[in-house]
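A short write-up of the structure that comes next.
The values are calculated or read from the model by the stated rules, or taken from the named source; none is laboratory data. None of the values given here were measured: they were computed from a predicted structure. Counting neighbours? That spans all protein chains shown, and the Cβs are built from the backbone with ideal geometry, glycine included. Remember, those area values only see protein heavy atoms, side chains included, never the ligands or the DNA or RNA. Shrake-Rupley method; radii C 1.70, N 1.55, O 1.52, S 1.80 Å.
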Amino acid sequence: MAAPTVGVIATPHKLATTCGQRIYSLGGSAIDAAIAAAAVLAVVYPHMTSLGGDSWSLVRTGGGKILAVNGTGSYPRAASVTELRARFGNTMPLFGPLSASVPGAVRAWEELHRLGGRLAWSVLFEDALTLAEDGVPVAAALARDLQSLGAELTEDPGLRSIFFKSSGEPLEEGDLLFQPRLAATLKELSLHGPEALYTGSLAQKYVGALRHMGSSVTAEDMRLQSAVVSETLTVALPEATVHTAPPNSQGFTLLQMLSVMQQAGTEAPIVESDPGLSAALFSLSNAERDQHLADPEAGSLDVANLLTPAYLDALADRAHARDVEGVSGKPRADGDTVAIATLDEDGVSVSSLHSIFYAFGARVLEPETGILLQNRATSFSLHPDHPAVLVPGTRPPSTLLPVMVEHSDGSVSAVATMGGRSQGQIQVQLIERLLAGYTPQDVVNAPRIVVGAFGPNLENSVVAESACGNGVIQSLRNEGWLVGVAKGFDDRCGHSQIATNRGETLAVGTDPRADAGVPA
């Protein structure tokens, strides 16, 4: 038996965190811990992630190289944009099988494992398989979404059979959730690895069921699904170099905000020192994403131009002038994303995000495999002039934005957060406090604001946690922002996770807004 690995992990659910710690005890790496935890989260947090979902990760290898792993799924190649426009106009459907891309996350696990995994797939899937088969208590966050979305979810037979009682009522917090079909799928993955989902019997079941539902997905779409390993996008700050993911991730918006803040010389944290500037910058980042983000393979996105000094100067001028614009968004993705941060004694580290986009994704559970479909494809546009217009075979714009921070003293922090379109805003607030010397737990405990989190045509809205203080809240209101005050921690401000090796010991911060409990 291999010697145990010294490592840390932060996730939004205590069972996923416990799983990662067990992986370390078996000699697994930070990459192994991240994969195993992600599989557990697909069982215990099904409103937020699934084997049918997407992922984006940053990995720091043992040699110190930081790489981005794109695990977002492509849209079926046989889809007819003409037919979709005839049915839905210029906007993709929010739910149903036509809102689903090919599953991307499980293929990405394969690439992650190649970068430094040590343990066999049977070991990595063991905890997830047991929890799906033997049952797991319903978490508080899952119970809340089941209660609020019950009427919609019962329309799908697969969801109704798993998440609702015989009386028709949704499962409640603490009730046991059994997922036998998902357990069988996890068994196949444990025996044959990720390939089982993309070319094996699981692929046949999944494709057959989806085509029966009206999807144009084919076995070829599954076989051709790939995870892309690439260089990161970076910005150099006085205290650190910040890495994030390139498009189709919205990572460039984080670099824009950090660059503008550095240029402005704002005192950290910016939300406290200049609330109005922070809100304007956050709002502009929403507009930047919605106006430019697309799969580079599908169009002419020039991310380098969006990060030039001239472009950033213009963005800074607009932020200082409070020259923000309304962005017509879709309803907020309530379920969103899970964030995982890991780091081990060998310097291997992972910032990983997994998502099905909206709560319960496409609101469809494929009954043969127990896999819940994502609805990431709703981020495509059907308008022919939009940069993210649907091109079959390409990936949708992604809100997922993993971060790795290389501090000037040589230490490293993996920073990950859920928060949908607001992830960049949340990351700014996390990174600022991290660089200011806060402990990881103090960073995630600190109050936050989020701009534009209420839904469509409310880009002038701000969610502010009450602990931000009356001064911040009143300052925002004085500048004309519509401020909704959350009395305590608010999910809309994200579930954030941090793993760092600053100093001589490894440390984590795990968000109190989630279900992970107090870190050990």
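What number of residues within segment 121-179 satisfy the criterion of being part of a loop (DSSP other than H, G, I, E, B), more than 27 Å from THR18 (Cα to Cα) and in contact with a helix residue (DSSP H, G or I) (Cβ under 9 Å, 6 or more places away or on another chain)? Matching residues across segment 121-179 total 3.
Is it the case, given these coordinates, that ALA294 is at pLDDT 90 or above and either surrounded by fewer than 22 Cβ atoms within 10 Å (Cβ to Cβ) or in contact with a Ser or Thr (Cβ under 7 Å, 6 or more places away or on another chain) (or both)? It is false that ALA294 is at pLDDT 90 or above and either surrounded by fewer than 22 Cβ atoms within 10 Å (Cβ to Cβ) or in contact with a Ser or Thr (Cβ under 7 Å, 6 or more places away or on another chain) (or both).
Between LEU58, LEU94, LEU67, the distinction of being surrounded by 24 or more Cβ atoms within 10 Å (Cβ to Cβ) and in contact (Cβ under 8 Å) with a residue 40 or more places away in the chain belongs to LEU58 only. Residues in segment 366-385 that are open to solvent by 10 Å² or more (accessible area, probe 1.4 Å) and not in a loop (DSSP other than H, G, I, E, B): SER379, SER381. Scanning segment 255-294 for residues that are of a type in the set (Asp, Glu) and in contact with a strand residue (DSSP E or B) (Cβ under 9 Å, 6 or more places away or on another chain) yields no hits at all. The test for being touching a strand residue (DSSP E or B) at 6+ places or on another chain (Cβ under 7 Å) and among the basic types (Lys, Arg) does not hold for ARG395.
Of a type in the set (Val, Ile, Thr), in contact with a strand residue (DSSP E or B) (Cβ under 6 Å, 6 or more places away or on another chain) and either under 16 Å from LEU41 (Cα atoms) or surrounded by fewer than 17 Cβ atoms within 10 Å (Cβ to Cβ) (or both), is that true of VAL136?
Details: of a type in the set (Val, Ile, Thr): yes; in contact with a strand residue (DSSP E or B) (Cβ under 6 Å, 6 or more places away or on another chain): yes; either under 16 Å from LEU41 (Cα atoms) or surrounded by fewer than 17 Cβ atoms within 10 Å (Cβ to Cβ) (or both): yes.
It is true that VAL136 is of a type in the set (Val, Ile, Thr), in contact with a strand residue (DSSP E or B) (Cβ under 6 Å, 6 or more places away or on another chain) and either under 16 Å from LEU41 (Cα atoms) or surrounded by fewer than 17 Cβ atoms within 10 Å (Cβ to Cβ) (or both).
So is GLY480 open to solvent by 30 Å² or more (accessible area, probe 1.4 Å), free of Cβ contacts under 8 Å to residues at least 40 places away in the same chain, over 15 Å from ALA279 (Cβ atoms) and not aliphatic (A, V, I, L, M) or not? No; evaluated as a whole, the condition is false for this residue.
In a residue-by-residue description of segment 411-420, the property of being open to solvent by less than 10 Å² (accessible area, probe 1.4 Å) and under 23 Å from LEU301 (Cα atoms) applies to at least one position. Out of VAL450, VAL508, VAL463, I need the residue that is under 21 Å from the mean Cα position of the chain (by Cα) and surrounded by fewer than 24 Cβ atoms within 10 Å (Cβ to Cβ). Which one? One residue alone meets the criteria, VAL463. Checked against (1) polar (S, T, N, Q); (2) open to solvent by less than 70 Å² (accessible area, probe 1.4 Å); (3) within 20 Å of ASN375 (Cβ to Cβ), SER148 meets all criteria but (2).
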